[in-house]
Amino acid sequence: MTIAATRQPALRNAYDVEAVRRDFPILATKAHGKPLVFLDSGASAQKPRQVIETVREVYEKGYANIHRGVYQLSQVATERFEAVRGKVAKFLNAASAEEIVFTRNATEAINLVAQSYGRTFFKEGDEVVVSEMEHHANIVPWQMLETQIGIKVRVAPIDDAGELIVEKFEALLGPRTKLVAITHCSNVLGTVTPAAEIARLAHAKGIPVLFDGSQAVVHLAADVRAIDADFYVFTGHKLYGPSGTGVLYGKKALLAKMPPYQGGGDMIAHVSFAGTTFREPPHRFEAGTPAIAEVIGLGAAIDYVESVGRARIAEWEHELRDYATARLSEIPGLTIYGTSKSKAAIVSFALDCAHPHDIGTILDMEGVAIRAGHHCAEPLMDRLAVPATARASFAMYNTPAEADALVRALRKVREMFA
Ligand SMILES: *Cc1c(COP(=O)(O)O)cnc(C)c1O
């Protein structure tokens, strides 16, 4: 039975959402005395007990700095940290763990590519092609290269449904294009971009492609080899893992020709005042002490997601998306932004009677946490011709009853303002 068929808070046989919810302690808490309805996982997801306990267990029983210790505690911490590299490689279907670089977040991963790959291989007049629906993290690092070396950021447009206009994207690819940097899933519109096609078109002209997978890894089974990504980035805290963890995937041949992004400890082979040599990738790109317990916690998050099953999570979220979209559409004066056929469970909307910030504040009093604002995508707001939107983003632990709570609270907003 499906959610849409029953219009009830439903437990599907294949997906025990209540069991999932029991793993997330925060979901049992209240906001303003009401049961918490958390619909802002697109900004940062809540953490399952398995992640929380792993991080705590590392600090209580297995913590030491990694890579340099001669004693057992350090060696065990190093092994556990490095095991996550292999786990991430498998999660993304990368060819090897050496293609996985740990960063602080997706933002740092993109800055790494811009400052290492971009500053080495781009020159004045070269172009980077992004899309109109990028997060600031996939715009500003390239704009910095406009200032630093005189490249130009070109913008591929989207249509009114929020889909990349592939022909116009292709028309932007020329001899000056040195990189395509495009989201795999929009954090505002939910649009899942045709990544394999984007890469095929770019590769036909010899152009490498970076995908921002910050949302995609949460909602679909991203496979870097199936889409033939050259670079792929994501951020741990949206994948139910600790903050302070991020990933850059880079094809081995590309990482091998990139210079370090930051200098310091752990990334060097030998240091002397006569000259310093660097380690091989990925370590060359990991200067300084990383987020040790948190990266191990990211491994626990990946284990958790895989134990529930990525295909089953995606199926559940699609039902939530369809159910929430149908219920929201019944509210008079409500506009939904992003109607792509290929869409994750992220629903941006506006009401004709109230500003998104007022919506967010009133919903909060009802215990419903949503996002209101530009979602770090101001150019997209310009394209939509709105200052801001409200956004409900659904995760593996959300329920149709929570979509109902959102709709009830929005009807209250209408009563107050309309
Ligand atoms: C959240 C997000 C980012 C940035 O993630 P950080 O953890 O802040 O680095 C980049 N792109 C998209 C699409 C996002 O949703």
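The values are calculated or read from the model by the stated rules, or taken from the named source; none is laboratory data. Here the structure is a predicted model, which is why all the values come from computation and not from measurement. Quick reminder, even Gly has a Cβ in these numbers, built from the backbone with ideal geometry, and neighbours come from all protein chains shown.
What the table below lists for this structure:
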| read-out | value |
| --- | --- |
| Filtered residues of the stretch 330-363 (kept if of a type in the set (Asp, Glu) and part of a helix (DSSP H, G or I)) | ASP358 |
| Any hit, the stretch 48-57, residues being touching a Pro at 6+ places or on another chain (Cβ under 9 Å), of a type in the set (D, E, K, R) and part of a loop (DSSP other than H, G, I, E, B) | no |
| Residue check, GLY190 more than 16 Å from the ligand (Cβ to nearest atom) and either surrounded by 17 or more Cβ atoms within 10 Å (Cβ to Cβ) or of a type in the set (Gly, Ala, Ser) (or both) | no |
| Pair list, Cβ < 7 Å and 6+ apart or interchain, from the stretch 194-212 residues that are in contact (Cβ under 8 Å) with a residue 24 or more places away in the chain to residues that are among the acidic types (Asp, Glu) and away from the ligand (no atom under 15 Å from the Cβ) | ALA196/ASP228; ALA199/ASP228; LEU201/GLU170; HIS203/ASP228; PRO208/ASP230; VAL209/ASP230; LEU210/ASP230 |
| Per-region count, the stretch 91-108, residues in a helix (DSSP H, G or I), more than 9 Å from the ligand (Cβ to nearest atom) and not charged (D, E, K, R) | 3 |
| Residue ID - nearest to the ligand (Cβ to nearest atom), chosen from residues in the stretch 216-250 that are more than 23 Å from HIS203 (Cα to Cα) and touching a Pro at 6+ places or on another chain (Cβ under 7 Å) | GLY236 |
| Failed item in (1) assigned to a loop (DSSP other than H, G, I, E, B); (2) surrounded by fewer than 18 Cβ atoms within 10 Å (Cβ to Cβ), with GLY241 passing the rest | (2) |
| Tabulated pairs, the stretch 215-243, first free of Cβ contacts under 8 Å to residues at least 60 places away in the same chain, second of a type in the set (Gly, Ala, Ser) and outside any helix (DSSP H, G or I), C-beta under 8 angstrom, 6+ apart or interchain | ASP230/GLY250 |
| Residue in the stretch 246-261 that is of a type outside the set (Gly, Ala, Ser) and modelled with pLDDT under 95 present | yes |
| Test: residue in the stretch 312-320 that is within 16 Å of the ligand (Cβ to nearest atom) and part of a loop (DSSP other than H, G, I, E, B) | no |
| Residue in the stretch 109-137 that is farthest from the ligand (Cβ to nearest atom), counting only those that are touching a Ser or Thr at 6+ places or on another chain (Cβ under 8 Å) and not in a loop (DSSP other than H, G, I, E, B) | GLU127 |
| Residue, farthest from ALA390 (Cα to Cα), within the stretch 44-75, restricted to residues that are crowded, with 17+ Cβ neighbours inside 10 Å and of a type in the set (A, V, I, L, M, F, W, C) | ILE66 |
| Verdict on ARG327 being basic (Lys, Arg), in a helix (DSSP H, G or I) and either on the phi > 0 side of the Ramachandran plot or not assigned by TED's automatic domain parsing to the domain that holds PHE121 (or both) | yes |
| Matching entry among ALA369, ALA388, ALA326 (being surrounded by fewer than 15 Cβ atoms within 10 Å (Cβ to Cβ), in contact (Cβ under 8 Å) with a residue 24 or more places away in the chain and of a type in the set (A, V, I, L, M, F, W, C)) | ALA326 |
| Matching helices (runs of 4 or more DSSP H) fully within the stretch 149-227 where at least 3 residues are under 20 Å from the mean Cα position of the chain (by Cα) | 195-204, 216-219, 224-227 |
| Leading residue by the ranking (surrounded by the fewest Cβ atoms within 10 Å (Cβ to Cβ)) among those in the stretch 353-366 that are of a type outside the set (A, V, I, L, M) and in contact (Cβ under 8 Å) with a residue 24 or more places away in the chain | HIS357 |
| Failed item in (1) more than 16 Å from the ligand (Cβ to nearest atom); (2) among the charged types (D, E, K, R); (3) part of a helix (DSSP H, G or I), with ARG68 passing the rest | (3) |
| Residue, surrounded by the fewest Cβ atoms within 10 Å (Cβ to Cβ), within the stretch 107-132, restricted to residues that are among the β-branched types (Val, Ile, Thr) and closer than 12 Å to LEU248 by Cβ | THR107 |
